[in-house]
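I have placed the structure first, in the form of structure tokens, so that the comments after it can refer back to it.
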Amino acid sequence: MKIVISGGGTGGHIYPAIAIANKIKENNSSAEILFIGTREGLESDVVPQAGFKMEYITISYLKRKLSFHNVKTGFKLMKGLWEARRILRVFKPDIVIGTGGFVCGPVLYAATRMGLKTMIHEQNVFPGLTNRILSRYVDRILLSFEDAKKYFKYDNKIIVTGNPIRDDFTRVTEAEAKAIYRSEGNKALVLIVGGSGGSSKLNNAVLSILENTNNFDFQLLWATGKNHYSRVIEAIQNKNILNNHKIIPYINNMPHAIKACDLIVCSAGAITIAEVTAAAKPSILIPKAHTAENHQEYNAEALDKIGAAVMIKENELSAETLLNHINNILNNKKLLESMKKASFTSAKIDAVEQIYREILKLIN
């Protein structure tokens with residue numbers, strides 16, 4: 001079995017692709033997997049580190065407004081299509097899978113023109129431009145949210161699988177996780193993380209809470225983001241705070257951190273949401289403004305609507321609002337339990353297994 005996987009630019013497109021590739025290798029060790037991406041995207045580092053072969057094409061993103069940049073992008077797109085066709089012709093895959101991002105546009109389109117089996121996976125409620133365009137041509141459209149169906153016209157191609165996540169989220173137990181991160185007896189643990197790069201707005205709100213609140217009924221595990229860490233530590237005037245809460249730049253073992261906590265405050269990236277719900281955790285979601293087509297807000301609304309999360313828009317975020325929501329959830333056991341249950345119900349823990357089955361069906 002020979003598979004090409006393309007997707008990149010950000011972790012939200014790359015990590016699902018790697019999860020799919022790992023599942024294929026787990027079930028078929030002789031499978032040949034080739035990733036196609038760009039040298040500029042995160043995939044150029046992450047994919048080789050994960051142990052997979054990588055080929056590169058030329059591509060650039062389109063701006064929403066007419067510009068000279070888009071003229072240059074048009075030429076790069078033609079070159080990318082030619083490069084993708086050449087790679088596919090040499091590798092001869094049984095199927096080509098796209099997980100979003102501009103790079104998978106020319107790869108998947110070239111594959112459809114060559115008569116190859118094709119499949120795309122959309123991580124967000126509101127689909128990206130590339131996947132919306134490709135949906136017309138590919139054989140299968142895999143979605144992560146039921147709410148995403150309304151944005152696609154081709155019902156006969158659609159299957160809702162959920163977002164593929166790392167196996168660690170199902171293997172790690174709460175007892176193992178709590179042994180690492182719980183240090184304040186029976187106090188509730190609140191995990192705060194603003195995405196891999198951190199969030200200035202969220203960090204400022206949390207700083208204000210720490211500086212202006214005397215007694216806490218909970219402990220914080222706060223990942224500031226590497227670029228924000230020094231500023232946050234310098235801004236903390238009351239150094240006792242550092243003894244009572246765990247403040248770190250980045251969390252490397254996220255499955256343990258999520259399993260250890262009672263409540264999560266985070267952004268609303270699709271993979272983050274998949275990981276949070278897989279652990280059946282209640283959350284306060286703060287969708288990042290200015291993301292592509294505001295997709296994080298659509299993701300957050302989907303969980304808020306079913307009672308698994310509370311959404312605070314970034315422009316409405318303040319220390320007071322955030323603290324009120326944290327206390328309201330932690331101090332109401334009935335609400336906490338109902339949010340846990342809704343979170344677990346919305347999770348699709350077997351997403352990557354279902355995606356693997358769909359790959360086999362399409363190939364055969």
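The values are calculated or read from the model by the stated rules, or taken from the named source; none is laboratory data. Not measured: the values here are computed from a predicted model. With ideal geometry, Cβ positions are generated from the backbone for all residues, glycine too; neighbour counts draw on all protein chains shown.
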Could you say which residue among 192, 241 is over 30 Å from the mean Cα position of the chain (by Cα), under 24 Å from residue 256 (Cα atoms) and among the aliphatic types (A, V, I, L, M)? 241
Look through the range 41-55, keep the residues that are assigned to a loop (DSSP other than H, G, I, E, B) and hydrophobic (A, V, I, L, M, F, W, C), and return whichever of them is modelled with the highest pLDDT. 52
One residue is enough: does the range 337-350 have a residue meeting the conditions modelled with pLDDT of 95 or more, of a type in the set (Val, Ile, Thr) and touching a helix residue (DSSP H, G or I) at 6+ places or on another chain (Cβ under 7 Å)? no
Mind telling me which of the residues 146, 174 ends up being surrounded by fewer than 16 Cβ atoms within 10 Å (Cβ to Cβ) and closer than 25 Å to residue 218 by Cβ? 174
Just give me the residues in the range 305-356 being among the acidic types (Asp, Glu), over 18 Å from residue 194 (Cα atoms) and under 19 Å from the mean Cα position of the chain (by Cα), in sequence order. 350, 353
Just the residues that are at pLDDT 90 or above and polar (S, T, N, Q), please, taken from the range 201-226. 203, 204, 208, 219, 224
Taking the options 215, 186, name whichever one is closer than 20 Å to residue 340 by Cα, without any contact (Cβ under 8 Å) to a residue 24 or more places away in the chain and assigned by TED's automatic domain parsing to the domain that holds residue 291. 186
Is there a residue in the range 238-249 that is free of Cβ contacts under 8 Å to residues at least 24 places away in the same chain, of a type outside the set (D, E, K, R) and outside any loop (DSSP other than H, G, I, E, B)? yes
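Kindly establish whether residue 73 is touching an Asp or Glu at 6+ places or on another chain (Cβ under 8 Å), at pLDDT below 90 and of a type outside the set (Gly, Ala, Ser).
Numbers: touching an Asp or Glu at 6+ places or on another chain (Cβ under 8 Å): no; at pLDDT below 90: yes; of a type outside the set (Gly, Ala, Ser): yes.
Spelling it out, it is not the case that residue 73 is touching an Asp or Glu at 6+ places or on another chain (Cβ under 8 Å), at pLDDT below 90 and of a type outside the set (Gly, Ala, Ser).
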Taking the range 75-96 and keeping only residues that are buried (at least 19 other Cβ atoms within 10 Å of the Cβ), within 22 Å of residue 135 (Cβ to Cβ) and in contact with a strand residue (DSSP E or B) (Cβ under 9 Å, 6 or more places away or on another chain), one is left with 84, 88, 93, 95, 96
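Residues to consider are 267, 283; find the one that is in the same structural domain as residue 202 (by TED's automatic domain parsing), surrounded by 24 or more Cβ atoms within 10 Å (Cβ to Cβ) and more than 16 Å from residue 164 (Cα to Cα).
283
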Cβ pairs under 9 Å, 6+ apart, first in the range 338-364 and in contact (Cβ under 8 Å) with a residue 24 or more places away in the chain and surrounded by fewer than 18 Cβ atoms within 10 Å (Cβ to Cβ), second of a type in the set (Gly, Ala, Ser) and assigned to a helix (DSSP H, G or I): 344/278; 349/278
Residue among 318, 343, 283, 338 that is among the polar types (S, T, N, Q) and in contact with a Pro (Cβ under 8 Å, 6 or more places away or on another chain): 343
Give the residue, chosen from 38, 99, that is of a type outside the set (A, V, I, L, M), at pLDDT below 95 and crowded, with 19+ Cβ neighbours inside 10 Å. 38
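It is to be established whether one or more residues within the range 104-115 are among the aliphatic types (A, V, I, L, M), over 28 Å from the mean Cα position of the chain (by Cα), part of a loop (DSSP other than H, G, I, E, B) and over 14 Å from residue 133 (Cβ atoms).
Of the residues in the range 104-115, the ones among the aliphatic types (A, V, I, L, M) are 107-108, 110-111, 114.
Going one step further and asking which of them are over 28 Å from the mean Cα position of the chain (by Cα), we end up with 114.
With part of a loop (DSSP other than H, G, I, E, B) added as a condition, the list becomes 114.
Going one step further and asking which of them are over 14 Å from residue 133 (Cβ atoms), we end up with 114.
Yes, the range 104-115 has at least one match.
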